[in-house]
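Remarks on the structure that follows.
Just so you know, all these numbers are worked out from the coordinates, no wet-lab data involved. Small disclaimer: the values here were computed from a predicted structure and weren't measured. Note that we place each Cβ from the backbone using ideal geometry, even for glycine, and neighbour counts take in every protein chain shown.
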């Protein structure tokens, strides 16, 4: 079965990186549709991405990473994609792992596949230990696309989204992937902010755990 | 007597300001109702101040002023919480709207062949 795959690239002021990111996906030869979600960038991220011939959705103002990724899931749900892959716009993810990321979903062994740089063999870029909880590279199937299109965590989407899908009874599989350092620019979470971020994420996760359980399929697109 | 008159007129002014805001569409009924009730209560307690003394005694406050401060504190904490929830709701609606606009814009561009 040939699955319809969407690669969602949330991007905010990534005009320097976006071409490399798109080239990385295209050179992998992986059959997919690429969607760049420009999160209200001040630079020409959208026009640069459009010139590469990929789909671009430009948000009228900055919603944050969660809002941008959710837009991608809304698009995936609207156009009936079987699998959605979240791919960072800063060039840290590597498209050569796409096949490994969708394998468990295609084989119906998982609903979400998380690509982890911390599982052995961990050869690539690792970032600081304190930020590990907040970085992942994942793909998900139809059921989870629907969940995320309806409600994707907006505050700390990466750690919270795992809890959100766990609540729906989705099957989660983790596989080792290799990541790279960002091509240019720097992370917004540095120095003392990492500590503050860790405290906030912990609270957000605890709040997410006690939130009421959501049902899959009780919403339209 | 002076304080009573002052409080009475202050309550009347508050009530009129709220009614005027509602009339000019600056406050919708949903948000004005709480403040209208507060204005009416203010007038009521000024005219029938014995009611306030009885309530204060009933709640176990030694001084009526403490009862008023405590009641106002509770009211403002509650209204702040309520406004925070409205703010979150509006924020979420804004986000959904932005996402829908962005998707529609892409659809229009695709249809136009841009």
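Looking only at the range A:30-57, how many residues end up being in contact with a helix residue (DSSP H, G or I) (Cβ under 9 Å, 6 or more places away or on another chain), free of Cβ contacts under 8 Å to residues at least 60 places away in the same chain and more than 14 Å from chain B (Cβ to nearest Cβ)?
Number of matching residues: 2.
Restricting to the range B:32-57, count the residues that are surrounded by 16 or more Cβ atoms within 10 Å (Cβ to Cβ) and under 15 Å from residue B:75 (Cβ atoms).
7
Name the one entry in A:94, A:108 that is surrounded by fewer than 21 Cβ atoms within 10 Å (Cβ to Cβ), touching a helix residue (DSSP H, G or I) at 6+ places or on another chain (Cβ under 8 Å) and over 26 Å from residue A:155 (Cβ atoms).
A:94
Identify the residue in the range A:58-84 that is within 12 Å of the chain's Cα centre (by Cα) and within 7 Å of chain B (Cβ to nearest Cβ) and, among all such residues, is surrounded by the fewest Cβ atoms within 10 Å (Cβ to Cβ).
A:67
If residue A:89 satisfies all but one of (1) in contact (Cβ under 8 Å) with a residue 24 or more places away in the chain; (2) more than 12 Å from chain B (Cβ to nearest Cβ); (3) over 21 Å from residue B:110 (Cα atoms); (4) surrounded by fewer than 24 Cβ atoms within 10 Å (Cβ to Cβ), what's the number of the condition it fails?
(4)
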